[in-house]
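Throughout, read-outs are computed from the coordinates displayed, never taken from laboratory work. What you are looking at is a predicted structure, and each value in this text was computed from that prediction instead of being measured. Here Cβ is always computed from backbone atoms with ideal geometry, including for glycine, and neighbour counts include all displayed protein chains.
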Amino acid sequence: MIGLTNYAGVMESLMNSAEEKQPSSPLTNSWAKKQESSKSQKPNGVGGFVLVHAGAGYHSESKAKEYKHVCKRACQRAVDQLKAGALAVEAVAAALVELEDSPFTNAGMGSNLNLSGEIECDASIMDGKSLHFGAVGALSGIRNPVMVANRLLSEAQKGKLSAGRIPPCFLVGRGAHDWAVSHGIPPCPSDKMATKFSLSAYKRNKRKMELAEKMDTGHNQTKKRRQSSENENGSGCLDTVGAVVVDLEGNVAAAVSSGGLAMKHPGRVGQAAHYGCGCWAENACNMNSYSTAVSTSGCGEHLIRTMLARECSAAMQSEDAHQALLEAMQNKFISEITHFCLLWEIKPFVLYGFLFLSNLCSGCFIVLNLCMDILEFLWSHTTESMCVGYMSAQDSKAKTHISRLPPGTVPGQSLAIEGGVCRLMGVVE
C-alpha cells in the first residue's frame with residue numbers, strides 16, 4: 001500500500017466561498033497534483049480495504065492513544081471478516097460494533113445523554129451491491145444500534161412479508177427496540193450503556209443549562225447563548241462514528257452510528273439515520289463509472305438539509321471529480337448552512353467530517369488490467385480534529401492518524417482534507 005499522502009488544504013473564510021465562486025483554490029490544485037502523482041506511482045496489490053473514523057470534533061492529546069487504539073481494533077475486526085469471506089456490508093457492520101463498544105466514542109456505549117438523562121442512538125448502513133439500506137433512530141436499550149440497522153437491511157433483502165407487506169428499512173424509538181428483540185438482538189438497560197464520561201458530561205451540561213435559564217432571555221442574550229451552544233456542541237465533543245469498506249469482490253458498503261447531540265430533545269433523530277445523509281454506498285454500474293462509499297459526521301440538523309453523503313458520491317462520478325466535489329461542498333452544503341445560520345442569527349459555523357472511498361476502475365486508468373483497480377480514499381473535516389484508521393487485507397496492522405486543522409485556523413471556517421491511494425487485486429469481475 002502507498003503510505004499516507006497528505007494533500008491537506010485549508011480554505012480560509014469558508015463561508016465566503018459559498019457566496020462567491022472562486023476560479024480556483026489551493027485545495028483544487030493539491031488534488032490535481034495528487035491525482036497526477038498517483039498515476040506514476042506503483043502501489044502494491046491488496047485485497048479488501050477498510051477506513052474508519054472515531055468522530056469529528058476535538059480529540060485531546062491525553063486521549064489520543066485510546067482514540068487510535070479503537071480505530072485499530074475496528075479496522076482489524078473488519079479485515080478479519082473480509083479474510084473469512086464476508087461481504088463489505090458485514091465487514092463494515094463489524095467495524096461499527098467495535099466503535100460502538102468503546103467508551104470514548106459517541107455511539108452505542110457511552111453515548112451522549114439527552115435532556116431526560118437517557119441514551120437514544122441513531123445508526124444506518126448501506127450495501128453498495130444491492131443499494132439496500134437499513135436504519136434506526138432514537139433507539140434506546142440496545143448496545144449496538146448498527147446491528148439492528150444491519151438486520152433491517154438483511155431482512156428487507158428477503159422480500160415481502162406475509163400478506164404482501166413491505167418490510168421496514170427504518171424504525172425508531174420503542175418500535176425499533178421491540179423489533180430488534182423479536183429478531184434475537186439482546187436488550188441492554190440504558191443505565192448499563194452510560195459511562196462515567198457520559199454521566200459527567202451530562203451533569204456538567206445540565207448545570208450550564210440551569211445557569212442559562214436564570215439569565216436574561218432577551219434577544220441579544222438569546223443570540224449569545226445560541227452562538228455559545230454552537231461552539232460547545234461543535235468543537236468540544238465528538239460526533240458520529242463511521243466506516244467504509246470494499247470487499248474482495250469489489251463491493252462497497254458504508255455505515256454510521258451516533259449518540260446524537262448532547263442534551264438533545266428526546267425523540268430527536270440526526271443525520272446518522274437518514275437516507276443519503278449519514279452514509280452512502282454504490283457499486284459501479286452502467287450509470288456510474290466508479291464505486292463509491294461515503295460516511296459523514298457533524299451536526300445532524302445541518303447535514304439532513306443537504307443529503308451530504310449522496311451529494312459527495314454523485315459528485316465523484318463527474319469527469320473532473322475533485323472539482324465537482326468541491327463545488328458540491330460549496331454550493332449545495334456550505335451555502336445552505338450559511339442561509340440556515342442567518343435565519344437563526346447564528347455566526348456561520350459549518351462543523352462536519354466525512355470519509356470517502358472511491359474505486360477508480362479501469363475506465364479511468366485504461367493501462368491497468370480489469371482485475372487490478374485503483375482505490376482512492378480520503379477524509380475531510382472542518383472540526384478541530386478527526387481520528388481515522390485504515391487497513392488493507394494484506395496489512396499486518398492498521399494505520400491510524402489524528403488529522404488536525406493547521407495552527408491559527410478557525411474550526412467551522414477552515415477545511416482540512418487528507419487521503420491516499422492503493423491498488424486492489426483479486427477483484428472478481
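What net charge is computed for the residues neighbouring residue 143, neighbours being all others with C-beta under 9 Å from the C-beta of residue 143, Lys and Arg scored +1, Asp and Glu -1?
Details: positive: 192; negative: 100, 101.
Neighbourhood net charge equals -1.
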> Fully extended, how many nm does the chain gain between residue 84 and residue 211 (0.36 nm per residue separation, minus their Cα-Cα distance)?
Replying inline: 40.3 nm
>> Highest mean first, how do 111-122, 268-279 rank when packing is the count of other Cβ atoms within 10 Å averaged over residues?
In response: 268-279, 111-122
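Using only the Cα atoms, what convex hull volume per residue in Å³ does region 57-118 have? Before the final figure, lay out the partial values.
Values: hull volume 5.8 nm³, N = 62.
Value for region 57-118: 93 Å³ per residue.
For residue 87, what is the net charge nearby, where nearby means another residue's Cβ is under 10 Å from its Cβ and Lys, Arg count +1, Asp, Glu -1?
Values: positive: 129; negative: 90, 127, 247, 249.
Every neighbour counted, the sum reads -3.
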>> Once you place label points 7 Å from the Cα toward the Cβ at residue 275 and residue 287, how far apart are they in nm?
In response: 1.3
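With 10 angstrom as the radius, rank 58, 67, 202 by how many other C-beta atoms surround their C-beta, starting from the fewest. Let's see the in-between values first.
Numbers: 58 16, 67 25, 202 20.
Ascending Cβ contact count within 10 Å gives the list 58, 202, 67.
How would you rank 319, 90, going from fewest to most other Cβ atoms within 10 Å of each one's own Cβ?
Working: 319 8, 90 20.
Fewest-to-most Cβ neighbours within 10 Å comes out as 319, 90.
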> With a sphere of radius 11 Å drawn around the Cβ of residue 75, what net charge do the other residues whose Cβ falls strictly inside it have (Lys, Arg +1; Asp, Glu -1)?
Replying inline: +3
> Modelled label-to-label distance, residue 301 and residue 169, 7 Å Cα→beta-carbon offset: nm?
Replying inline: 2.8
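Return the inverse of the average 1/r over all pairs of distinct C-alpha atoms in region 74-168, which is the Kirkwood hydrodynamic radius, in Å to one decimal. Walk me through the intermediate numbers first.
On the way: mean 1/r = 0.0701 Å⁻¹.
The Cα-based Kirkwood calculation yields 14.3 Å.
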>> Would region 234-286 count as rounded, prolate or oblate if I go by the C-alpha gyration tensor, calling it rounded below 1.5 in a/c and otherwise prolate when a/b exceeds b/c, oblate otherwise?
In response: prolate
